[in-house]
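Undergrad: Sharing a structure here in structure tokens format.
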Amino acid sequence: MNAYIKSIGAYIPEKRVTNDELSKTMDTSDEWIRSHTGIGSRHIADKEMNTADLGVKAAEVALERAGLKAEDIDMVILTTATPDYVGFPATSCIIQDKLGAVNAGAFDLTAGCTGFVYGLEVAKNFIENGSMKNILLVSAEMLTQIANWEDRNTAVLFGDGSGAAVISADESGVSGIDDTILKADGSGAWTLERHTGGVVHPYEEGKTTWADTALFMDGQAVYKFAVKVNAILITSLLERNNLTIDDLAWIVPHQANERIIQAAAKRLKLPIEKFFMNLEEYANTSSASIPIALNDMYEKGKLKRGDKLLLTGFGAGLTYGGSILRW
């Protein structure tokens, strides 16, 4: 019995902010952002929405496409770096309740931008050990709410959005999640962090500022890490599955920065056309970027059952991971 992605869905907030629009309120320009990142716009959720709301909307699409009701779901797994609450309650439980998934358990999984890949492997093991039949994997992010908009080096990178996948059992042998690599390098934890708000550096009345709680990133360190681990993941997954680049329909990387993807492709001497990219429209949506990309590919007819895909992710932690799957 193989676990596979039975269906995919996504939700993108309507509000679209272009680089030119950002340049009216920040010291930046379309040319600077595009040349450094490949990003042209990002979508920003309405103030009255929260991460759970975004996740529910993507989940509803995935459930409809799977031909399932919320009651058919055994577990809701949410990956996010922007939970509705700090620590508890888990945002996954809010999604579970709003969907009406009355028979499901729920938990949040924190693995930064690698969250979807981590969640995919967790869901696979629940399915393949026979304990569950249908799992809803949701990746929802509202990074614009924690970005420091006075720091052009980071704020311009991020957007809001959500993706969701129904993971079920496939007995036909056509589809499956064949292999996964999950790794971490905690020595780089402080290159991508929210410094204040947790137990180590709690909020202090009269001292803590908004900037203290905003996302911080050492861009150069993260860039070098990302290029390195993307190359490692792609090479390792191909080698240990006896595959070549020609066996893959697509490589679907975390959509963080076009230069990262180009550098990894150049290092491995792979055609850039093999990599699906949509960050020009959505910017970096953290763990939601891979399912949003898969949803785009599905809606544009770029996927067919049996296609071999290679997914790669990297992010806060630092974490990284990749999967080989048959769509």
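Undergrad: Has segment 190-198 got at least one residue that is of a type in the set (Phe, Trp, Tyr) and surrounded by 15 or more Cβ atoms within 10 Å (Cβ to Cβ)?
TA: No, there is no match, as no residue in segment 190-198 is of a type in the set (Phe, Trp, Tyr) and surrounded by 15 or more Cβ atoms within 10 Å (Cβ to Cβ).
Undergrad: Let me ask something else about it. Only one residue in Thr312, Thr285, Thr244, Thr235 is over 21 Å from Ile12 (Cα atoms), in contact with a Phe, Trp or Tyr (Cβ under 9 Å, 6 or more places away or on another chain) and of a type in the set (Val, Ile, Thr). Which one? Explain how you work it out, then say what you get.
TA: On the way: Thr285 fails: over 21 Å from Ile12 (Cα atoms); Thr244 fails: in contact with a Phe, Trp or Tyr (Cβ under 9 Å, 6 or more places away or on another chain); Thr235 fails: in contact with a Phe, Trp or Tyr (Cβ under 9 Å, 6 or more places away or on another chain).
Answer to the check: Thr312.
Undergrad: Still on this structure, please answer the following. What is the one condition in (1) farther than 25 Å from Glu21 by Cα; (2) surrounded by fewer than 24 Cβ atoms within 10 Å (Cβ to Cβ) that Ala164 does not satisfy?
TA: Single failed check for Ala164: (2).
Here is a yes/no grid of residues against (1) crowded, with 19+ Cβ neighbours inside 10 Å; (2) hydrophobic (A, V, I, L, M, F, W, C); (3) within 16 Å of the chain's Cα centre (by Cα):
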| residue | (1), (2), (3) |
| --- | --- |
| Ala211 | no, yes, no |
| Ala265 | yes, yes, no |
| Ile290 | yes, yes, yes |
| Glu299 | no, no, no |
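Undergrad: Residues of segment 71-121 being over 21 Å from Asp160 (Cβ atoms), among the β-branched types (Val, Ile, Thr) and crowded, with 21+ Cβ neighbours inside 10 Å, which ones?
TA: Ile73
Undergrad: Hey, can you tell me all the residues within segment 7-31 that are in contact with a Lys or Arg (Cβ under 9 Å, 6 or more places away or on another chain) and either loosely packed, with under 14 Cβ neighbours inside 10 Å or within 17 Å of Tyr282 (Cα to Cα) (or both)? Before you say what the answer is, go through the steps one by one.
TA: Within segment 7-31, the subset in contact with a Lys or Arg (Cβ under 9 Å, 6 or more places away or on another chain) is 7-11, 16-19, 22, 26-28.
Residues satisfying the conditions are Gly9, Ala10, Tyr11, Arg16, Val17, Thr18, Asn19, Leu22, Asp27.
Undergrad: Residue pairs, Cβ under 6 Å, 6 or more apart or interchain, first in segment 1-18 and closer than 21 Å to Val166 by Cα, second basic (Lys, Arg) and at pLDDT 95 or above. List them.
TA: Close Cβ pairs satisfying both conditions: Ala3/Lys124; Ser7/Arg65; Tyr11/Lys57.
Undergrad: Against the definition (of a type in the set (A, V, I, L, M), crowded, with 20+ Cβ neighbours inside 10 Å, touching a Leu at 6+ places or on another chain (Cβ under 9 Å) and touching a residue at least 60 places away in the same chain (Cβ under 8 Å)), how does Ala62 come out, yes or no?
TA: Considered against the rule, which asks whether it is of a type in the set (A, V, I, L, M), crowded, with 20+ Cβ neighbours inside 10 Å, touching a Leu at 6+ places or on another chain (Cβ under 9 Å) and touching a residue at least 60 places away in the same chain (Cβ under 8 Å), Ala62 comes out as yes.
Undergrad: Right, here's the next one. If Val117 meets every condition in (1) of a type outside the set (D, E, K, R); (2) within 20 Å of the chain's Cα centre (by Cα); (3) part of a loop (DSSP other than H, G, I, E, B) apart from one, which number is that one?
TA: Only one criterion in (1) of a type outside the set (D, E, K, R); (2) within 20 Å of the chain's Cα centre (by Cα); (3) part of a loop (DSSP other than H, G, I, E, B) is unmet by Val117, namely (3).
Undergrad: If the requirement is being small (Gly, Ala, Ser), modelled with pLDDT of 95 or more and under 16 Å from the mean Cα position of the chain (by Cα), which of these qualifies: Ala81, Ala66?
TA: Ala81
Undergrad: Of the numbered conditions (1) closer than 24 Å to Gly119 by Cα; (2) crowded, with 24+ Cβ neighbours inside 10 Å, Leu68 satisfies every one except a single condition; which is it?
TA: (2)
The values are calculated or read from the model by the stated rules, or taken from the named source; none is laboratory data. The shown structure was predicted, so the numbers you read here are calculated from the model rather than taken from an experiment. We place every Cβ from the backbone using ideal geometry, glycine too, and count neighbours over all the protein chains shown.
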